[in-house]
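J.: Mind looking over this structure? Questions follow.
The values are calculated or read from the model by the stated rules, or taken from the named source; none is laboratory data. In this text the structure is predicted, and so the values were computed from the model without any measurement. Heads up, the Cβs are rebuilt from the backbone with ideal geometry, glycines too, and the neighbour counts pull from every protein chain shown.
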Amino acid sequence: MRLALLILEDERSVREALRRDLAVFAGHVRIEEAEDVPTALEVIAEIDAAGDRLALVMADHRLPGTSGVDFLIDLATDERTLATRKVLVTGQADQSDTIRAINEAELDRYVAKPWQPEALRDMVRDQLTEFVVVAGLDPLPHLAVLDAERALCVVHERGDL
Amino acid sequence: MTGPADRTGLERPRTGDRLAPLCILIVAPEPLAAAIAEEVARGVTDIAEVVCAADVAAACALVAAHPDRVVPLVLMTASPESTDTRIAVLDEQAVLRRASILLLTDRARHDDLSLAVDRDRLHAVITTPGSPGILAWHARAQTVRWLSVHRPADPRTRALVAADGRPVAQPESDLLRLLELDTQEVAIQLLAGVERVLGSRPRLLLPAGTRLIHEGVDVDAVLVVLRGRVALDHASAAGDLRLHHDSTGSVVGLLSLAQQQRAFFTARATTEVEVVHLSFEQLDRALAVDASLGAAMAAVSIRALAKRLRRADQLQVEKTQLNHVLERERRQLSEALHQLEQARLELVEQARYATLGELAAGIAHELNNPVAAMLRATTYVGEDLERVLASHPQGRLAGEIFAAERDRTPRSTREERAARRRLEAALGDTGLAQRLFDAGIEDPDRARVLAADPSSLDLVEAVAGIGSAVRNLEVASRRMCELVTSLRAYARPKGEPVAGIDVHAGLEDTLRLMAHRLHAVEVVRRYGDLPPIRCHPGELEQLWTNLLANALDALGDNRGGGGRIELITDTPDLRHVRVQIRDNGRGIDPHILPHVFEPRFTTKQGAVRYGLGLGLAIARRIVDAHGGTIDLRSEPGSTLVTLVLPVDGPPDDEDIET
């Protein structure tokens, strides 16, 4: 079982930039990209079929024909993605959209474009760790991409792991 | 009161006959009727015959049986039946409808006369039994009065009525008799009476402009005006008001004197006047000595009062009319103010737009150089890298990878994922497959070779990274270049109309600038072949912006999906181009549709909010100024704006007002 990370972004250059900034995770985490919602749903089905877990979704706000917020709201009620951490990566979400994302999609983080690569990686690491903790997974196989101190703390506290 | 029968030819032989027999009708039960008839007959023997009917039905039958008779007068006694009802029955006969009605009653009160009074059908109420002779006198007077009104040309009327038109039967009372005289005559009679007591009074000759009484000063004398005209003025906050103009015959000062008050007016001679001055004491003495002067005094006063009262009534009517005029003007002013306010708002909006335009032009200008430098620098990086790699031991491979990644055509994420899956399947190591795939390696054989050579793999990853970075830089800086160009076109300063403008390019510029709002909307272009047109390009960009903003607003919450804007262009004829913008939004309420082009029309609370404010008003103004037309049709799910613009551009003599 691998942890998976989904980048939902319709602009190729932004996808590539995100992918490159997150390349350090690539060896341990399954990084998937989708340019629209239908593709994203295919990816989720694939991840699920492979027995992997979607740990983190990073969605753009502006997407063709829909908004990233609506997609995240749908995920919040999808059994396969209940624990999935949700991050909005956007340059122009207005206040009402953001409020909706927080209230209805239980948004975990909001990343403004342009982002700082180091901060982005820290955020991803935190969220992956949070996912592992909340989902009750054994952190040890994923330690390379987690906040090691916190992950080991969890291992220590939980005798069953 | 004339009924339709009066206008028919049937009646004419009767009433038209000047010598038709006059007949006074008594409606009363016997024997009362005979007694009344006998008494009435004494008064009118020389004028009319008297006939009796027991009740109104009989009276009608009698009249119907003798269509040649003319009935000037009906005397009816009160009966238990309602008098109004009985008069209504009589009035069914055209002949009786014109007759005067005298009601003889012994009752103390009547509550059955409201219609008769209201319709002016009751000419006298006479108490019975009354003094002997009253009835005869009354009947005669009424008949004579009736004749003089209804049959002035009848020889009998002429015999009864004096040449001056007044009935022969003069009023018996001094007052009523004097009231029938004209004002001057009454004044002369009054003066004659006064002179009988006081002796001859001197006539005073006064020139025009002389003030006869003074406003605010106690009046202690009257002036009998024998010749000339007098005006009554009153000083008010609004200046001197001419309230009244009296002519010969008035007694100036009488009303103030009567009330023992200060004069309300200044009376001023407007022509040369001839007056007689009578002090309060002189007047008092004359009236005390000759009591009959009282009636003349009263008649003069009543005449003066009546005249002023008529004038006051007339002023009241004039005042009401003036108020109507004022109210109308006030409404017009209010409307004008409203329109001015709209115009001001539109100007403010225009100014705001102009400011934004200047700002946009400034930004475009400032961005232009950096963006151009960036675009060039991107190319240089690529060229220089190729030169660097030429001297590298593995330069050929690296150069190939770099160029491939730089020039890679976009694929969908779905296709990329599929390609990566193939590589993963071939290599069996997903982590490695992802690295190689990200470096642009998809061929499994090549992938295996590189996987076995870590240093080459590092190099390949690096140049692939540079390749995609250069590509992304180039795409990004090109896009910025286009935006800057659009912005400059958009913010083009207004001047003379420019020929050779491509309408599609303008639409595309606007779409590009609004891309951030159009993201979730499907934009369908159905562009026809359009000739270049002459126009104010900046104004047209503003036009497209307003219309697209409206369409987007109409789509509103529909933006979640399915929102569509169609742009359709064609040429209805050789001299015009047509642009249609259709959205599949909620549509405009039919009630407000007729008002959408009015300035400041907006439905903030309703369905369509933002752009219909000044947007369409400005759009219309721009189209008008270009000599074009704009039309808007809307139903739920489809709003279509159609613009037709002349290829030759705005009429030369008409500049656009901004």
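J.: If a residue has to be assigned to a loop (DSSP other than H, G, I, E, B), at pLDDT 85 or above and crowded, with 16+ Cβ neighbours inside 10 Å to count, how many in the range B:491-506 make the cut?
T.: 0
J.: Looking at (1) more than 29 Å from B:Ile618 (Cα to Cα); (2) more than 23 Å from the chain's Cα centre (by Cα); (3) surrounded by 10 or more Cβ atoms within 10 Å (Cβ to Cβ), can you tell me which one B:Glu329 breaks?
T.: Every listed condition holds for B:Glu329 apart from (2).
J.: Checking A:Asp10 against (1) over 21 Å from A:Val132 (Cβ atoms); (2) assigned to a loop (DSSP other than H, G, I, E, B); (3) more than 9 Å from every other protein chain (Cβ to nearest Cβ), only one condition comes out false. Which one?
T.: The single condition A:Asp10 does not satisfy is (3).
J.: Please go through the range A:20-33 and pick out each residue that is part of a helix (DSSP H, G or I) and closer than 14 Å to B:Gly431 by Cβ.
T.: A:Ala23, A:Val24, A:Phe25
J.: Find the residue count for the range B:400-443, including only residues that are farther than 23 Å from A:Phe25 by Cα, of a type outside the set (Lys, Arg) and more than 10 Å from chain A (Cβ to nearest Cβ).
T.: Qualifying residue count, the range B:400-443: 8.
J.: Across the range B:519-536, what is the total count of residues that are of a type in the set (A, V, I, L, M, F, W, C), within 14 Å of another protein chain (Cβ to nearest Cβ) and touching a Gly at 6+ places or on another chain (Cβ under 9 Å)?
T.: So the answer is 2.
J.: Also: Identify the residue in the range A:36-68 that is in a helix (DSSP H, G or I) and touching a strand residue (DSSP E or B) at 6+ places or on another chain (Cβ under 7 Å) and, among all such residues, is nearest to A:Thr98 (Cα to Cα).
T.: So the residue we want is A:Gly68.
J.: From the list A:Ala26, A:Ala59, A:Ala34, pick out the single residue that is closer than 30 Å to B:Gly556 by Cβ and at the interface with chain B (Cβ under 7 Å from one of its Cβ atoms).
T.: A:Ala34
J.: Looking at B:Arg512, B:Arg471, B:Arg479, B:Arg488, can you tell me which residue is outside any loop (DSSP other than H, G, I, E, B), out of contact with any Leu (no Cβ under 9 Å at 6 or more places or on another chain) and away from every other protein chain (no Cβ under 14 Å)?
T.: One residue alone meets the criteria, B:Arg488.
J.: Does B:Val484 satisfy being under 60 Å from the mean Cα position of the chain (by Cα), more than 30 Å from A:His142 (Cβ to Cβ) and hydrophobic (A, V, I, L, M, F, W, C)?
T.: It is true that B:Val484 is under 60 Å from the mean Cα position of the chain (by Cα), more than 30 Å from A:His142 (Cβ to Cβ) and hydrophobic (A, V, I, L, M, F, W, C).
J.: Hey, can you tell me all the residues within the range A:40-64 that are over 16 Å from the mean Cα position of the chain (by Cα) and either β-branched (Val, Ile, Thr) or buried (at least 19 other Cβ atoms within 10 Å of the Cβ) (or both)?
T.: Those that are over 16 Å from the mean Cα position of the chain (by Cα) and either β-branched (Val, Ile, Thr) or buried (at least 19 other Cβ atoms within 10 Å of the Cβ) (or both): A:Arg62, A:Leu63.
J.: Another question, then. Show me the helices (runs of 4 or more DSSP H) entirely contained within the range B:94-153 in which 3 or more residues are within 21 Å of B:Ala41 (Cβ to Cβ) and touching a strand residue (DSSP E or B) at 6+ places or on another chain (Cβ under 6 Å).
T.: Hits in the range B:94-153: B:134-150.
J.: Oh, and also: Specify which of the listed residues (B:Asp583, B:Asp570, B:Asp589) is among the acidic types (Asp, Glu) and over 38 Å from the mean Cα position of the chain (by Cα).
T.: B:Asp570
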